[in-house]
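The values are calculated or read from the model by the stated rules, or taken from the named source; none is laboratory data. All values derive from a computational prediction rather than experimental measurement. When we count neighbours, we look across all protein chains shown, and the Cβ atoms used for this are built from the backbone with ideal geometry, even at glycine.
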Amino acid sequence: MKKAFFLLMMVATLGMMSCDPNTKPVNENPSAAASLKGCDMAVFEDGKVTFYNSSTNAFVPFTAEKDYVVSGVFDDEDAFYYTVSVADELYLRKIDLTAEAPAPVELVDWGLKLNDCYDESCEKYASMVFYFEVPIVGIEYNMGEMCKGFIDEKYYMPDEKTLSEGWPEGVDDAFIAYESFIDNVHFITMPIEEGGEKSQYYYCPEDFGMYSEEELPEHLVCISDKINFHEGKYEGWDAEPQFTFLALSPEGDCAAYAAIMEWGRGGRGPVCFATLDGKIQKILAYDACYGFLGNNKLAFADEEGIKTVAPDGTIAKLTSGSRFVTAH
């Protein structure tokens with residue numbers, strides 16, 4: 001099961017959006033083979049997609065797509081769904097990453113204009129989300145309202161080729177809610193002192209329900225106490241972070257979470273990385289896009305480029321230039 005569930009508010013506010021049309025084209029390894037087998041990250045730039053294989057450390061440009069790519073997302077079946085703009089109309093397509101020569105497959109006309117998914121005040125495009133093993137691809141729209149904290153969303157089920165407001169028919173709301181919550185039941189924010197404003201973020205190896213209120217603190221592992229959230233952009237601020245779970249690594253040993261430091265058009269703050277034993281804790285980048293690769297590595301993008309952070313805390317730079325990334 002894919003572990004990188006993106007909370008809707010965080011999709012809107014923590015940089016998990018597609019490419020800026022004003023960025024420069026990707027040019028790493030232009031002679032790479034066309035095969036996309038094993039690729040687990042996508043880089044969006046200037047309407048193009050370049051895939052990355054973390055096993056071979058190779059970038060592979062996706063040259064079969066000629067239209068302007070807006071956003072995309074991996075599913076759990078070696079496929080990649082993405083939207084393109086054709087004469088300002090938004091279409092959904094997919095490719096089979098296991099094919100020898102992956103080719104775009106047309107799925108549906110979203111019935112949206114590209115401008116429906118971009119707002120100058122947010123300076124971001126809407127993104128896509130694949131909801132675990134349920135074949136639903138959602139895209140946020142009406143970005144002006146999203147910036148005010150309200151989200152409209154339409155969903156597409158590939159097997160039915162339908163576009164609908166709210167959950168498509170045939171999808172069990174309770175099941176989706178449970179699947180959306182299942183990775184979050186082990187993470188909790190707790191005040192440092194009773195009645196105090198300062199808090200820390202904790203991981204609990206077992207379900208919280210296994211312990212009484214008195215027993216629970218003994219089983220919590222703090223994964224935020226080694227980070228100074230009031231450095232960098234928020235140096236001198238009085239606000240305390242509000243923690244939000246973002247993703248668990250496929251191996252289940254590391255987590256990504258957000259420390260929301262300010263509110264306005266939704267929450268904003270740094271994306272953080274931690275091993276679940278609390279020994280390694282890293283503040284990565286403000287409003288960063290991210291995604292877990294294999295071997296518990298987290299890929300993220302900041303103003304310097306695309307980087308990875310390993311379970312031992314080592315940060316490696318893959319490329320230069322600020323870009324949007326999404327990972328399997």
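The condition of being under 29 Å from Val70 (Cα atoms), surrounded by fewer than 18 Cβ atoms within 10 Å (Cβ to Cβ) and out of contact with any strand residue (DSSP E or B) (no Cβ under 6 Å at 6 or more places or on another chain) holds for only one of Gly252, Gly294, Gly305, that being Gly294. The number of residues in region 227-236 being surrounded by 13 or more Cβ atoms within 10 Å (Cβ to Cβ) and over 18 Å from Pro191 (Cβ atoms) comes to 2. Residues that are closer than 17 Å to Leu276 by Cβ, in contact with a Leu (Cβ under 9 Å, 6 or more places away or on another chain) and either surrounded by 12 or more Cβ atoms within 10 Å (Cβ to Cβ) or assigned by TED's automatic domain parsing to the domain that holds Phe292 (or both) are absent from region 212-220.
Conditions (1) in a loop (DSSP other than H, G, I, E, B); (2) on the phi < 0 side of the Ramachandran plot; (3) among the polar types (S, T, N, Q), marked per residue:
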{"site": "Thr63", "(1), (2), (3)": "yes, yes, yes"}
{"site": "Ser71", "(1), (2), (3)": "no, yes, yes"}
{"site": "Thr83", "(1), (2), (3)": "no, yes, yes"}
{"site": "Tyr91", "(1), (2), (3)": "no, yes, no"}
{"site": "Lys94", "(1), (2), (3)": "no, yes, no"}
{"site": "Thr98", "(1), (2), (3)": "yes, yes, yes"}
{"site": "Ala101", "(1), (2), (3)": "yes, yes, no"}
{"site": "Leu107", "(1), (2), (3)": "no, yes, no"}
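Residues that are modelled with pLDDT under 85 and crowded, with 22+ Cβ neighbours inside 10 Å occur in region 84-100; there is at least one. For region 192-207, a residue qualifies if it is surrounded by 10 or more Cβ atoms within 10 Å (Cβ to Cβ) and under 26 Å from Ile283 (Cβ atoms), and the qualifying residues are Ile192, Glu197, Ser199, Gln200, Tyr201, Tyr202, Tyr203, Cys204, Pro205.
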